[in-house]
Every structure is written in C-alpha cells, then in structure tokens.
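First comes the structure, then the notes that go with it.
The values are calculated or read from the model by the stated rules, or taken from the named source; none is laboratory data. Everything numeric here is computed off the predicted structure, so don't read it as measured data. When we count neighbours, we look across all protein chains shown, and the Cβ atoms used for this are built from the backbone with ideal geometry, even at glycine. For accessibility, only protein heavy atoms count, side chains too; no ligands or nucleic acids. Shrake-Rupley method; radii C 1.70, N 1.55, O 1.52, S 1.80 Å.
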Amino acid sequence: MIKRMTTRIETIMARPVVGDKLLSLETLLDLLSKAYSVIIKTKIALYRTGMMKSKKLPCFVISVGNITVGGTGKTPMTVYVADLVQQMGYKVAVISRGYKGKFEQSGGVVCDGHKLYCTPEESGDEPFLIAQSLGVPVLAGKNRYALGIKAIQKFDSQVIVLDDAFQHIKLKRDLDLVLLDAGHPFGNGKLIPRGRLREPISSLERGDAIIFTRSDVKNLKKYEQPVLNKHTKKTPVLRTSHYPHISKIVTGLGRKLDKKSVEDFFEKNRQKQGLLFSGIANNMDFRRTCEAMGMGIAGHLEFPDHCWYKQEDITMLLERYKKIRADFIVTTQKDYVKIAERFVIPELLVVVGVQIRFMGDYGEAFESLIKKKIQSYI
C-alpha cells in the first residue's frame, strides 16, 4: 500500500500542472508546497536582512549543494573538490551532515585522513564513502559550525568543503557551488512536496557557480534555458559528466579481485547478467548507468535512499538472485559501505562507482575559479 502511494506521489510530482485540473491529492500537495514556499522564503529573507545571523568560520569554506531533492552528484563532486584543493597544497577537511547516522545529532570525526574512527551506522553512508575515497579529514553532524571549529583546531584545516549545504545558510561560505541535473534541473518547477525543488529557482542567484551534471547524455529543454538565464546572468555555468566504473569486485568468499581482473570483467562476461540492488536518490539512474556500461540486467531491487539494510533484505536479495538465475549481483559504492562489514554475500558482487569529470575546457575554468577564490582569501 505504501509503495503504491509513493509511486502515485512520484507520478504526480513528475508531471506539470495543467490548468485547474487537479486531483484532490494534487490539491493537497499544492497547498503544502505553497506553505513550504512561504517558510523557505521567510527564512532566506531573515538571513538576508540580518534578522537571523549566519556564523563565519575562520577559514575558507566551499559549499557543494543543489536546489532539488534527488541525486545530482553532490557526493562525487565533494570528493572531486576536496581532492583538487588538497592537490593545490592546502589542508582541507570535509564536513557532511551524516543523514540518518548516529553522528547526525552528536557530531564526530569520521576519519583523520589516514584512519577511519567509526562505522557507517555512526557516520552515515555518505560521509563514510567520502572518507574511504579521500585522504583528508572527514567530519559528520548537523552542527557544521562546531565541526568546522573542530577541524581547524584538530587538523589545522585551511579549507573546509561542505557536502550538501546550499540550504544551510546559517553558516557563511566563501564559494557556493550549485549542482543541477542537465535533464531535470528544476523538476516540474514546484517546491516539495508538490515537486522536487528544495527552494525557489531564484535561489540560484546565491550561487557562485552553476554546475550541470550528466551533461553528456542530457540537455536543457527549450523552456528551461530562459529560466536559467534569468537567475544566472553573471554566474559561471560549467558542465560535467558522470563517469561510471567498477570500483571493486568481491567474490563469494570475501576476496577482492585484482585490478586486472576488474578491468577485464566485462570482456569476459559479455553474455552474463547481473541482479542490481540500490538504495539511492534515483535508483533508475543507477540502472541506466549499468546499461550504459554494457551490463546485462536480469533484475533490479530498489530500496529507499539512505536505506539501512536488514538481514531480511539480504535474504530477499539472495532468494531473488537464485530464482532469476542471475550470474552476479551489482550495487553502488554508497550501498556497499552499508553491507560490507555487516552481511555475507556468498555470490560474486560487483560494486559500481561514479566519478565527476568536467567536459572540454570547463575543468580548467573550474580549477582557476577555485584557485583564485582561495588565494584571494588566504
């Protein structure tokens, strides 16, 4: 019943409003969306007028965020930015909210750049994945100002990268990077719960750079370009693509295959099919990614974003695997960190990761923007 209702809501959210022909559920969602809009606009106005104060950390702060719910690639972009800043010679730390992790309320150090100090359940899935992907300190928790102070005191951080923080305006930032999915930058143009916008499109004016993701496979629709132009007149607009890759392959005995075996996997398994499972913001994007990689798809089990898997979920997965006679199981890096130490998967498990790549000359433009901004501060 819940799944059917969720599907119904997603269908409503996906299509534009036509005249006054609204179903009762649509009317309710529209009213809630308008109420949410008032709250968000009031909050932004209070901070803009100074009636509510934003705090400033004594270091350079970069925010990576978006204006819609759903995956735009914030985590791989956060990894990209932190790695780039580190290569420039600065001491960098990453702070993530740690959604649904124990650190979300208490706050904590996920890693110091060398050693992990917690489990995914404590940090949340995204901070843990970021910590595994980088050699910089990573902290998680809602109070990002307090964590920023800790990063400065404990790790002497000169630059802090905030993961998913465009709406966190209680903390000032020196560079705001706003990510938009090239295929669906504004959803249906409505705020949640009627649409996918987390705040009005006009909020793009706060951004210092607009970065389109998945630009290699999707393009803006004709009616979206004027909307973008209106709110980004002098803001740099850059374009990236998602580069999927097999990050690791784990055998049923828990042994990870060597790099050569991973690289040759598709070539040796062209006729075989995998059973996918994922719990991310847009599960269909994961399926399309696997298809684009040339992977045969035997089936796909979809779970909610940030899902913490239980034994019954893994049991269902393995039963489905045997029933459809798939040849291997496939999941995302984000999902793998949540099962790696908790469950035994007695089958070949393929873990797919995604990296951000700037297209054409946009990479040089982005690096130049980052460098100039930091140099003007430090």
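Across segment 49-61, what is the number of residues that are outside any loop (DSSP other than H, G, I, E, B) and either touching a Leu at 6+ places or on another chain (Cβ under 7 Å) or more than 20 Å from Leu177 (Cβ to Cβ) (or both)? Lay out the reasoning, then the answer.
Step one: filter segment 49-61 for residues outside any loop (DSSP other than H, G, I, E, B), giving 49, 55, 60-61.
Filter again for either touching a Leu at 6+ places or on another chain (Cβ under 7 Å) or more than 20 Å from Leu177 (Cβ to Cβ) (or both), leaving 49, 55, 61.
Residues flagged as outside any loop (DSSP other than H, G, I, E, B) and either touching a Leu at 6+ places or on another chain (Cβ under 7 Å) or more than 20 Å from Leu177 (Cβ to Cβ) (or both) within segment 49-61 amount to 3.
Out of all the residues in segment 193-215, is one or more modelled with pLDDT under 90, among the charged types (D, E, K, R) and open to solvent by 10 Å² or more (accessible area, probe 1.4 Å)?
From segment 193-215, those modelled with pLDDT under 90 are none; that's our starting set.
Within segment 193-215, not a single residue is modelled with pLDDT under 90, among the charged types (D, E, K, R) and open to solvent by 10 Å² or more (accessible area, probe 1.4 Å).
Return the residues of segment 187-212 that are within 21 Å of Met359 (Cβ to Cβ) and touching a residue at least 40 places away in the same chain (Cβ under 8 Å); say none if nothing qualifies. Reasoning before the result, please.
Let us first name the residues in segment 187-212 that are within 21 Å of Met359 (Cβ to Cβ), namely 204, 207-212.
Leu204, Gly207, Asp208, Ala209, Ile211 - these are the residues of segment 187-212 that are within 21 Å of Met359 (Cβ to Cβ) and touching a residue at least 40 places away in the same chain (Cβ under 8 Å).
Based on this model, can you work out whether Leu180 counts as farther than 21 Å from Gly98 by Cα and either of a type in the set (S, T, N, Q) or in contact (Cβ under 8 Å) with a residue 40 or more places away in the chain (or both)?
Details: farther than 21 Å from Gly98 by Cα: yes; either of a type in the set (S, T, N, Q) or in contact (Cβ under 8 Å) with a residue 40 or more places away in the chain (or both): yes.
Yes, satisfied.
Within segment 60-102, which residues are closer than 21 Å to Glu121 by Cα and aliphatic (A, V, I, L, M)?
Residues satisfying the conditions are Val79, Ala93, Val94, Ile95.
Restricting attention to strands (runs of 3 or more DSSP E) lying wholly within segment 290-378, give those where 1 or more residues are surrounded by fewer than 17 Cβ atoms within 10 Å (Cβ to Cβ).
On the way: elements: 296-302, 328-332, 349-358.
Output list reads 296-302, 349-358.
Answer with yes or no whether Asp83 is of a type in the set (Asp, Glu), within 26 Å of Ala182 (Cα to Cα) and touching a Lys or Arg at 6+ places or on another chain (Cβ under 6 Å). Lay out the reasoning, then the answer.
Values: of a type in the set (Asp, Glu): yes; within 26 Å of Ala182 (Cα to Cα): yes; touching a Lys or Arg at 6+ places or on another chain (Cβ under 6 Å): no.
No.
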